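Some notes on the structure that comes next.
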Amino acid sequence: MTEVLFYHLERQPLDRVLPVLLQKTLERGWRALVRCGVPERIRPLSDAVWTWREESFIPHGTAEDGNAEHQPVWITGGTENPNGASILFCVEGARPEAEELTAMERVIIMFSGHGPEAVETARGMWREWRELEGLELTYWRQDPRGRWERQA
């Protein structure tokens, strides 16, 4: 069963939340694919992952870097999975391909709470996928202290 996690970003921007979730993904021994719906944001996201903490490093790459098969985290605007990831992060409006919904262990949809269009798109995905077999959907929101709480 594929877990589909919706992360509603209201208190912190993507650039601060994504590295934390990627670090947790790597700690579990998983490989991650970050699909970015806005190609111009790939380099800034890569920079954010690179510099998120001075004492920590998240190994990753992009098409500019090459050697995808050696990267535990791959950031892309395309639909390929060149690093053999089992965890898919969809950011900046990206969506998973239909077959990925059941092929991946986890699909994480991260969307901004500051734009009604992004919220409505996420709601549409939730409505579309909640009846599909083989998916377990959860919705996460930050509390006032910045901790993630499961809401649904």
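The values are calculated or read from the model by the stated rules, or taken from the named source; none is laboratory data. Here the structure is a predicted model, which means the values were calculated and not measured. Here the Cβ is made from the backbone with ideal geometry for all residues, glycine too, and neighbour counts use every protein chain on show.
Pick from the range 87-129 the residues that are hydroxyl-bearing (Ser, Thr, Tyr) and under 23 Å from residue 73 (Cβ atoms): which of them is surrounded by the most Cβ atoms within 10 Å (Cβ to Cβ)? Break it down into steps so the answer makes sense when it comes.
Residues of the range 87-129 that are hydroxyl-bearing (Ser, Thr, Tyr), as a first pass: 102, 112, 121.
Retained after the next criterion (residues that are under 23 Å from residue 73 (Cβ atoms)): 102, 112.
Numbers: 102: 14, 112: 18.
Per the stated criteria, the residue is 112.
Conditions tested, residue by residue: (1) farther than 21 Å from residue 141 by Cβ; (2) charged (D, E, K, R).
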{"site": "13", "(1), (2)": "no, no"}
{"site": "16", "(1), (2)": "no, yes"}
{"site": "50", "(1), (2)": "yes, no"}
{"site": "56", "(1), (2)": "yes, no"}
{"site": "59", "(1), (2)": "yes, no"}
{"site": "75", "(1), (2)": "yes, no"}
{"site": "86", "(1), (2)": "yes, no"}
{"site": "97", "(1), (2)": "yes, yes"}
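Go through the range 87-110 and count every residue that is touching a Lys or Arg at 6+ places or on another chain (Cβ under 6 Å) and part of a loop (DSSP other than H, G, I, E, B). Full working, then the answer.
In the first step, residues of the range 87-110 are kept if they are touching a Lys or Arg at 6+ places or on another chain (Cβ under 6 Å); the result is 87, 90, 92, 94.
Checking the rest, the ones that are also part of a loop (DSSP other than H, G, I, E, B) come to 92, 94.
The number of residues fulfilling the criteria is 2.
So which pairs qualify, if the first residue must be in the range 59-75 and within 12 Å of residue 32 (Cα to Cα) and among the acidic types (Asp, Glu), the second must be in a loop (DSSP other than H, G, I, E, B) and modelled with pLDDT of 95 or more, the Cβ gap must be under 7 Å, and the two must be at least 6 apart or on different chains?
These pairs meet every condition: 69/82; 69/83.
Considering each residue of the range 111-133, count those that are in a loop (DSSP other than H, G, I, E, B), out of contact with any strand residue (DSSP E or B) (no Cβ under 6 Å at 6 or more places or on another chain) and either among the aliphatic types (A, V, I, L, M) or closer than 16 Å to residue 1 by Cα (or both), and give that number.
Initial filter on the range 111-133 (in a loop (DSSP other than H, G, I, E, B)): 113-115, 130-133.
Within this subset, residues satisfying the condition of being out of contact with any strand residue (DSSP E or B) (no Cβ under 6 Å at 6 or more places or on another chain) are 114-115, 131-133.
Narrowing further to those that are either among the aliphatic types (A, V, I, L, M) or closer than 16 Å to residue 1 by Cα (or both): 131-133.
Residues in the range 111-133 being in a loop (DSSP other than H, G, I, E, B), out of contact with any strand residue (DSSP E or B) (no Cβ under 6 Å at 6 or more places or on another chain) and either among the aliphatic types (A, V, I, L, M) or closer than 16 Å to residue 1 by Cα (or both): 3 in total.
Identify all residues within the range 91-120 that are within 16 Å of the chain's Cα centre (by Cα) and acidic (Asp, Glu); write none if there are none.
92, 97, 100, 105
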